[in-house]
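The values are calculated or read from the model by the stated rules, or taken from the named source; none is laboratory data. Since we're looking at a predicted model, the values are computed, not measured. All Cβ positions, glycine included, derive from the backbone under ideal geometry; neighbour counts span all protein chains shown.
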Amino acid sequence: MADAAPPPSKRKRELAAAGAEASGTEDETAKVAGVGNGTSAPVHFPFSGFRVKKVLKESARDKILFLHGKVNEASGDGEDAIVILEKTPFQVDQVAQLLMGSPELQLQFSNDIYSTYHMFPPRQLSDVKTTVVYPATEKHLQKYLRQDLHLVRETGSDYKNVTFPHLESQSLSIQLDDLYLIAICHRRGIRSLRDLTAEHLPLLRNILREGQEAILRRYQVKGDRLRVYLHYLPSYYHLHVHFTALGFEAPGSGVERAHLLADVIEHLEHDPEYYRQRTLTFALRADDPLLKLLQEAQKS
């Protein structure tokens with residue numbers, strides 16, 4: 001997390017809650033078995049050809065594109081694959097060298113003060129992070145397909161009668177592949193915000209205090225430059241707390257999902273059963289089975 005933001009490689013890390021000590025985990029791509037991982041040795045895609053069938057999702061803000069295509073069609077009916085293209089962050093030292101040179105420029109606009117160009121950087125500054133999902137199943141396609149979102153308001157009764165039974169019926173597992181900087185509680189049995197009561201206040205205060213101190217020691221980022229929050233609904237059902245820099249627009253940090261840990265602590269100090277009774281608002285994808293269950297329950 002260099003200067004109040006996660007490092008450019010987005011290397012995923014964890015902070016253990018019982019002491020909140022940071023320890024790095026390997027980048028997800030480094031876990032893939034194969035020759036040449038993490039080296040400059042020439043490599044090739046694990047398929048031949050890629051015919052684009054559909055743009056699953058794109059984001060101009062995040063500079064990322066999700067493509068569904070058919071591959072290996074020359075040898076048969078072809079197979080499904082997903083390719084994710086993402087512009088990599090700037091490396092300040094390399095960009096500084098580029099600007100000191102004579103980069104190739106194309107003028108777009110100019111006046112007496114401002115001018116805008118298209119710059120064509122050399123190969124070492126124009127790489128695109130490329131993630132391949134192959135062979136891709138229907139589940140993979142649905143995962144990356146853009147879906148409309150719907151806001152729902154879940155009461156404490158809805159959680160007991162609809163959401164919790166639905167979660168229990170799913171094959172829930174702890175998946176840590178999408179983490180950045182996080183504190184994970186050692187204590188079992190606390191699934192989410194809904195399980196928290198005044199009993200957990202010492203634990204929550206410890207996570208906040210020790211987490212901020214550990215980040216200050218390791219990254220020199222003070223607590224007033226951190227966004228510390230819990231997700232509801234969470235991405236996995238074991239209590240964990242997110243730590244991100246205020247300047248980093250982390251996915252899921254919007255008001256419909258993120259609950260600041262300091263606010264959670266204050267709510268529980270005033271009402272020990274606050275999160276077991278409060279109506280919570282969150283967004284669900286249009287194809288999420290829980291959306292239909294909650295909508296039907298609230299009609300009756």
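What number of residues within the stretch 189-223 are β-branched (Val, Ile, Thr) and in a helix (DSSP H, G or I)? Can you show your working first?
Just the residues of the stretch 189-223 that are β-branched (Val, Ile, Thr), to begin with: 190, 197, 207, 215, 221.
Still in the running and in a helix (DSSP H, G or I): 207, 215.
The total comes to 2.
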- Residues of the stretch 87-109 that turn out to be under 18 Å from Lys63 (Cα atoms) and in a loop (DSSP other than H, G, I, E, B), as a count: 4
- Taking the stated definitions as given, is Ala262 surrounded by 16 or more Cβ atoms within 10 Å (Cβ to Cβ), among the aliphatic types (A, V, I, L, M) and closer than 24 Å to Cys185 by Cβ? no
- Message: With of a type outside the set (Gly, Ala, Ser), in a loop (DSSP other than H, G, I, E, B) and over 27 Å from Glu249 (Cα atoms) as the only criterion, which of Asp112, Asp62, Asp80 stands out?
- Response: Asp112
- Task: State which residue pairs qualify: first residue under 14 Å from Phe47 (Cβ atoms) and inside the stretch 120-136, second residue assigned to a loop (DSSP other than H, G, I, E, B) and at pLDDT 85 or above in any location, beta carbons under 7 Å apart, and separation of 6 or more residues or different chains.
- Result: Val132/Phe45; Val132/Pro46; Tyr134/Pro46; Tyr134/Phe47
- Positions within the stretch 155-189 being crowded, with 18+ Cβ neighbours inside 10 Å, modelled with pLDDT of 80 or more, closer than 30 Å to Arg209 by Cβ and under 23 Å from the mean Cα position of the chain (by Cα), in sequence order: Ile182, Ala183, Ile184, Cys185
- Note on the structure: Exactly one of Leu233, Leu290 is in contact with a His (Cβ under 9 Å, 6 or more places away or on another chain) and surrounded by 17 or more Cβ atoms within 10 Å (Cβ to Cβ), and that residue is Leu290
- For the stretch 234-300, list the helices (runs of 4 or more DSSP H) that sit wholly inside it and hold at least 1 residues that are outside the structural domain of Lys222 (by the TED database) and closer than 18 Å to His150 by Cβ; which are they? 289-299
